[in-house]
Amino acid sequence: MKKIASTGLIACALLFSLSCNQKQEPVEEAQEANEEVAEGTEMEDEMTDMSDFMTKAASGGMMEVELGKMAQEKGQHKDVKSFGQMMVTDHTKANTELKALAGTKNITLPDSMSKDHMDHVSELRQKTGAEFDKAYMDMMVSDHEEDVQLFEDAAQNLQDPEAKSFASKTVPVLRKHLDRAKQVKDMVDKQQSNQ
């Protein structure tokens, strides 16, 4: 009997270690951890919605800072470099606020970017000069369109007043980023078409 029990324990341990070794998507991993904490509580739906918003916002914020640093180093156009600096400054501030808020709400944030965001970073690492400027600004326009949508949705639909307030006060900053990204993208596109 002891032998069967110990064999069963070894098999369980092996299965557990195998499942742990399959690295999960960081955002999904954080969301699952948050769902486990909220499961069965009366705030389960509210916590799940807040987790969904915060984990996606955290991943996007990490990407913005990383790409902003890259734009300052690799950007050719001075406005691309200054846009990158604005991304680092503003998104570092928002990331810090989000982390503090998540801590008060018992929400686990991802420790690294989602695979999609990592793919964006890897893609831009391969580019240099004018090619980098164009790809970065194209990405910043589409990314900030998505960010504005995510934060507007959270500002309107989240139940938690502090999370809702964080989203609401961040929307104008993201809109400013989107407007500036479009302006810089137009400048970069015009400069490239004149060459």
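Read-outs throughout are calculated quantities, based only on the coordinates presented, and are distinct from any laboratory measurement. Here the structure is a predicted model, which is why all the values come from computation and not from measurement. No Cβ is skipped: glycine too gets one built from the backbone with ideal geometry, and neighbour counts run over all protein chains shown.
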Test: residue 162 is of a type in the set (Asp, Glu), closer than 17 Å to residue 56 by Cβ and assigned to a helix (DSSP H, G or I): no
Single unsatisfied condition, residue 182 versus (1) charged (D, E, K, R); (2) in a helix (DSSP H, G or I); (3) touching a residue at least 12 places away in the same chain (Cβ under 8 Å); (4) within 22 Å of residue 32 (Cα to Cα): (4)
Filtered residues of the range 100-110 (kept if in a loop (DSSP other than H, G, I, E, B) and more than 14 Å from the chain's Cα centre (by Cα)): 105, 106, 107
Failed condition for residue 113, given (1) farther than 28 Å from residue 190 by Cβ; (2) more than 14 Å from the chain's Cα centre (by Cα); (3) not in a helix (DSSP H, G or I): (2)
Test result for residue 113, closer than 16 Å to residue 84 by Cβ and of a type in the set (A, V, I, L, M): no
The range 63-99, residues that are closer than 19 Å to residue 126 by Cβ and either among the polar types (S, T, N, Q) or not in a helix (DSSP H, G or I) (or both): 72, 75, 76, 77
Residue tally, condition more than 14 Å from the chain's Cα centre (by Cα) and crowded, with 18+ Cβ neighbours inside 10 Å, over the range 116-138: 6
Subset of the range 140-195 (residues that are small (Gly, Ala, Ser) and touching a Gly at 6+ places or on another chain (Cβ under 8 Å)): none
Considering residues of the range 154-164 that are of a type in the set (D, E, K, R) and in contact (Cβ under 8 Å) with a residue 60 or more places away in the chain only, the residue surrounded by the most Cβ atoms within 10 Å (Cβ to Cβ): 160
Top-ranked residue in the range 76-98 [being out of contact with any Asp or Glu (no Cβ under 6 Å at 6 or more places or on another chain) and crowded, with 20+ Cβ neighbours inside 10 Å; ranked as nearest to residue 128 (Cα to Cα)]: 84
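For every residue, the table says whether it meets (1) touching a helix residue (DSSP H, G or I) at 6+ places or on another chain (Cβ under 8 Å); (2) of a type in the set (S, T, N, Q).
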| residue | (1), (2) |
| --- | --- |
| 85 | yes, yes |
| 88 | yes, no |
| 102 | yes, no |
| 124 | yes, no |
| 151 | yes, no |
| 169 | no, no |
| 173 | yes, no |
